[in-house]
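A.B. asks: First the structure, which I've put down as structure tokens, then a few questions once you've had a look.
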């Protein structure tokens, strides 16, 4: 199995602060994640001034603030992008960002970002998807809020526009997502339907669903994180804190190591225990030379370095060439 690609989703948890964004990079690197992901958008390209906020955003931001105003406050300009990318390079973690409009796709292209993450909300935005595909880079597409038919349409648009490396992420676009509505098996449905690599963008509380997704074959895991869940902002409350992110990464690495090759055979660590845990045919009592073996002469006991019980029929009626003590392991060379 390929190594799971773990994306630490900083998103907009920088609250518009470059300093906080850089601290998020450091926390993502310390967790062991492969990449840290931000969001690239211009408010005036993303939403109208009258667009309403989602219910979770209403709960976590000022009531008087519109979605447009919230987005304006959370924008990262080109200079901030350059500084964050530079810091990622210095820190040894991959920079990613989700563009939310065509100009933002072009900005990330100009910054030579090597991989695109398309957000769930853009899956029906075909001009956006075409521009993304035309850049010729690998694309990870989140599929939150989508039917299988909508995913099929998006995949076709991307392929027709030139996308060649495409990964699909199952996702439930709610913050936090209720466990009972996660429908994690839909990730496997995506793999079966499209024959593409799949993964999971996790908005549930805690880390267990990301771990379960890994066990079900996710090749990419994305999870929101923050420096402090109590910070003001739309996504902090549904995000992991740094210690939790690190715990999730460690657990995912343990699970992917445990999945193995699928070949059923003794693990190397088991081999020395075979003779200890299994049993062999032994003498039930002292047996003299020339004795013809019967069932009452034989028992099955540890150790397991002799003949297995399946050979009992082959021993019955055979004659011993030498005497055998009680509990001695019966071997072929004991027989005449």
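Derivation of every value follows stated rules applied to the coordinates shown; laboratory data play no part. Nothing here was measured: the structure is a model prediction, and the numbers come from that model. Cβ sites come from the backbone with ideal geometry, for glycine too, and all protein chains shown count toward neighbours.
A.B. asks: So how far, in whole Å, is the C-alpha centre of region 28-52 from the one of region 104-174?
C.D. replies: 15 Å
A.B. asks: Follow-up. Quick one: grab the alpha carbon gyration tensor of region 87-215, order the square roots of its eigenvalues as a ≥ b ≥ c, and give me rounded if a/c is under 1.5, else prolate or oblate depending on whether a/b is larger than b/c.
C.D. replies: Oblate shape, in that a/c is at least 1.5 and b/c is the bigger or equal ratio.
A.B. asks: When only Cα pairs under 8 Å and 6 or more residues apart are kept, what is the percent relative contact order across the chain?
C.D. replies: 15 percent.
A.B. asks: Given springs between every Cα pair under 10 Å in a Gaussian network model of the chain, which of 267, 118, 163 has the largest fluctuation?
C.D. replies: 267
A.B. asks: Restricting to bridges with both residues inside the chain, how much of the DSSP beta-bridge set is antiparallel, in percent to the nearest 5?
C.D. replies: If we restrict to bridges inside the chain, about 20 percent are antiparallel.
A.B. asks: Using the alpha-carbon centroid of each, what span in Å lies between region 257-284 and region 188-247?
C.D. replies: Cα centroid of region 257-284 versus Cα centroid of region 188-247: 36 Å apart.
A.B. asks: For residue 54 and residue 295, what is the calculated FRET efficiency with R₀ set at 45 Å and r taken between the beta-carbons, to the nearest 0.05?
C.D. replies: Computed FRET efficiency for residue 54 and residue 295 comes out at 0.05.
A.B. asks: Compare 59, 278, 83 in a GNM of the chain, Cα atoms joined below 10 Å, and give the one with the largest fluctuation.
C.D. replies: It is 278.
A.B. asks: Of 81, 291, 52, which has the largest mean-square fluctuation in a 10 Å C-alpha GNM of the chain?
C.D. replies: Largest GNM mean-square fluctuation: 291.
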